[in-house]
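Please treat every number below as a calculation from the coordinates, not as lab data. Bear in mind that the values here come from a model prediction, so they are computed numbers and not experimental data. A quick note on method: Cβ atoms are made from the backbone with ideal geometry, for glycine too, and the neighbour counts reach across all protein chains shown.
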There are 2 protein chains.
Amino acid sequence: MELTTAEENYLKAIYHLSEEGQKSVSTNDIASAIQTKPASVSDMLRKLGEKEVIQYRKYYGLQITPLGMRLALQTIRKHRLWEVFLVDKLHFAWDEVHEVAEQLEHIQSTLLVERLDAYLNYPKFDPHGDPIPDEFGDVRSRPRIALQEMGIDQSGQIVAVKDSSPAFLRYLDKVGAYIGARIKVLDKVEFDGSVEILVDQKKTIFMSKDVANNILILTS
Amino acid sequence: MELTTAEENYLKAIYHLSEEGQKSVSTNDIASAIQTKPASVSDMLRKLGEKEVIQYRKYYGLQITPLGMRLALQTIRKHRLWEVFLVDKLHFAWDEVHEVAEQLEHIQSTLLVERLDAYLNYPKFDPHGDPIPDEFGDVRSRPRIALQEMGIDQSGQIVAVKDSSPAFLRYLDKVGAYIGARIKVLDKVEFDGSVEILVDQKKTIFMSKDVANNILILTS
DNA sequence: CTAATTATTTAGCTTTAGCTAGAATTTAAT
DNA sequence: ATTAAATTCTAGCTAAAGCTAAATAATTAG
């Protein structure tokens, strides 16, 4: 079964929206996630339903099928492997990789994916700390909490970010809060939810609640 | 000015056909080069004319413009750089790279091309021995002749092949006639145009005229 | 130099993926 | 429980890129 590039993008968006908590994924949600109009989404949902990658009943909602799940994870796997390639091998900054990976993920060649995976040494996480599914779609994800939810004196390691906008990633780079950095919460301000943290045992930085909410920590 | 993937493919085909000798490129030639129908070609030529990458007068013929040339060479550059990547880094066999490179060449990102070029150490030739244009479209090509045209006792180095079909490339692999191999013509049979050559000073092989015609040699 | 053949182009259809405008359905609010 | 609002879907249009069939131009042959 073959999906077009557009279909892959829809399926990926649906998968991500399904993961991110809520009940069921709405037509409007997909439209805004994918930067298109609800009418176009309706139409595509019908097609994806026919291809049996989702189960779709109009006005009701949708659900990804096991087949759809597998295909979505394949695309996500490719996207994240390419991100690792771009950062590790071509020295892209982590805020420059998204658009390019968005194109590369649609290249069709199982051999290419296998070889790339091997070449990168079978990475388990992408540069943003998100897990890379294996060829069967299995994901080993680490339990992690938002920095905002940590208590005073708790420490851990930055493993991922929720927001991947270039502006946010550049900000993190500037303050030295890269993936893998070891941090410790020194203080929390009740009033505005901001936190003071120690990065890599040397630098003390101050973070607003909004920022701290978008940084995921593997506690230790 | 932006070209679609289809437009890039047509332009590339036109460029290659222009190079390969003849007078002017025909609609039929393009159709068979690109595996499509003449009617579709006519239509695309009109569009490429409007975009000013070719000069086109119907029934008369076409000519690539300097702009078209630049764009075609950019695509060829990307194709060949990716081929180097696939062979050198991902250990693809040289007969496995074409289809994948055909997809990768359409990825849009100047940063990516620059970084890839640097990562591969600014290669000047692809795995088939074809020259890789630089970012300005300049090509340093070496003067070379078909193995078939060499005289007895003349020697040189295999630098390219004209035919890149998997069948041909596999045949070459089998007999050990890879790019870079040093060869010497031991004998030529007038009757059928076949040649006997010594490869890398150790193996003697026998080649039909057809094969020898498709192997390009840098004489020494 | 017509006539036949071949090459090329045009017209009109198909599919994919978007869009707008308007209809239908569900949800919310008085 | 109706109406109002929001959501979702349908119909019909557009653009790209292909196709077939038919028309037109160029070339070759007798």
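Taking the label point as lying 7 angstrom from Cα along the Cα-to-Cβ axis, what are the distances from A:G176 to the corresponding position in the remaining copies, in ascending order and in nanometres?
A:G176 label point versus its equivalents elsewhere: 6.0 nm.
Could you give the Stokes-Einstein D for chain B in µm² per second, using the C-alpha Kirkwood radius, 4 °C, 1.567 mPa s? Walk me through the intermediate numbers first.
Working: Rh = 18.9 Å.
For the chosen part, D equals 69 µm²/s.
Distances longer than 13 Å among the Cα atoms of region B:173-220: what percent of all pairs is that?
55
How long are the three semi-axes of the equivalent ellipsoid for the protein assembly as shown, computed from the Cα gyration tensor as the root of 5 times each eigenvalue, in whole Å, largest first? The partial results should precede the final answer.
Details: eigenvalues 511, 158, 84 Å².
Values for the protein assembly as shown, descending: 51, 28, 20 Å.
Could you give the Stokes-Einstein D for region B:5-64 in µm² per second, using the C-alpha Kirkwood radius, 20 °C, 1.002 mPa s?
Details: Rh = 11.2 Å.
Roughly 191 µm²/s, to the nearest whole number.
For each pair in B:K162/B:K188; A:K51/A:K78; A:K89/A:K124, compute the distance between the two Cα atoms and list the pairs where it is over 28 Å.
Values: B:K162/B:K188 21 Å; A:K51/A:K78 22 Å; A:K89/A:K124 16 Å.
Where the Cα-Cα span goes over 28 Å, no listed pair is concerned, since all stay within it.
Let me know the Kirkwood hydrodynamic radius for region A:124-209, please, with Cα pairs as the basis and the value in Å to one decimal. Present the calculation step by step, with values, prior to reporting the outcome.
Working: mean 1/r = 0.0716 Å⁻¹.
Evaluated on region A:124-209, it is 14.0 Å.
Could you state the per residue volume, in Å³, of the convex hull enclosing the Cα atoms of region B:23-99?
On the way: hull volume 8.6 nm³, N = 77.
Per-residue hull volume (Cα only) is 112 Å³.
Whole-Hz Karplus ³J(HN,Hα) for region B:121-137, in order, using 6.51 cos²θ - 1.76 cosθ + 1.60 and θ = phi - 60°, x for Gly and Pro?
These are the phi-based 3J(HN,Hα) values: 6, 6, x, 9, 9, 8, x, 8, x, 7, x, 9, x, 7, 5, 9, x Hz.
List the aspartates and glutamates whose Cα lies under 15 Å from the Cα of B:K209, skipping any in the same chain that are fewer than 8 positions away.
Correct list for B:K209: B:E149, B:D163, B:D187, B:E190, B:D192, B:E196.
Evaluate peptide B:90-99: per residue, the Cβ atoms of other protein chains within 10 Å of its Cβ; return the mean as an integer.
On the way: counts 7, 3, 4, 0, 0, 0, 4, 1, 0, 4.
The per-residue average across the peptide is 2.
Give me a single rounded figure for B:208-215: the average over its residues of other chain Cβ atoms within 10 Å of their Cβ.
Values: counts 0, 0, 0, 0, 0, 0, 0, 0.
Per-residue shielding by partner chains comes out at 0.
So which trypsin sites (Lys or Arg not before Pro) in region A:29-118 are both in a DSSP loop and have at most 11 other Cβ atoms within 10 Å of their Cβ?
On the way: sites: A:R46, A:K47, A:K51, A:R57, A:K58, A:R70, A:R77, A:K78, A:R80, A:K89, A:R115; in loops: A:K51, A:K58.
Those that pass, being in a loop and sparsely packed, are A:K58.
Say each of A:S42 and B:E52 gets a label point 7 Å from the Cα, pointing the same way as Cα to Cβ; how far apart are those two points in nm?
So the two model labels end up 4.3 nm from each other.
How crowded by other chains is B:103-109, given as the mean number of beta carbons from other chains within 10 Å of each beta carbon?
On the way: counts 6, 5, 0, 2, 6, 3, 7.
Per residue, the average neighbour count from other chains is 4.
Which one, B:Q35, B:Q201, B:Q148, has the greatest fluctuation when you compute a Gaussian network model over chain B with C-alpha springs under 10 angstrom?
B:Q35
What number comes out for the charge environment of A:E135, summing +1 per Lys or Arg and -1 per Asp or Glu over other residues with Cβ under 12 Å away?
Residues near A:E135 contribute -1 overall.
With springs only between Cα atoms under 10 Å, which of A:L71, A:L111, A:L169 fluctuates most in a Gaussian network model of chain A?
Maximum among the listed residues: A:L111.
Given springs between every Cα pair under 10 Å in a Gaussian network model of chain B, which of B:L104, B:L73, B:L81 has the largest fluctuation?
Checking each option, the largest mean-square fluctuation is seen for B:L104.
What are the chymotrypsin sites (Phe, Trp or Tyr not before Pro) within region B:58-145 that DSSP puts in a loop, where the Cβ has at most 12 other Cβ atoms within 10 Å?
Values: sites: B:Y59, B:Y60, B:W82, B:F85, B:F92, B:W94, B:Y119, B:F125, B:F136; in loops: B:Y59, B:Y60, B:F92, B:W94, B:F136.
Answer in residue order: B:Y59, B:Y60, B:F136.
How far, in nm to one decimal, is B:E2 from itself in the other copies if the label point is set 7 angstrom along Cα toward Cβ? Shortest first, please.
Distances between equivalent label points, in nm: 2.5.
Below 8 Å between Cα atoms, with a sequence gap of 6+, how large is the relative contact order for region B:145-219 in percent?
On the way: 142 pairs, mean separation 33.5, N = 75.
Reported relative contact order: 45 percent.
Normalised by the residues of region B:54-194, what does the relative contact order come to in percent, with Cα pairs under 8 Å and at least six apart? Walk me through the numbers on the way to the answer.
Values: 141 pairs, mean separation 31.0, N = 141.
Across region B:54-194, relative contact order equals 22 percent.
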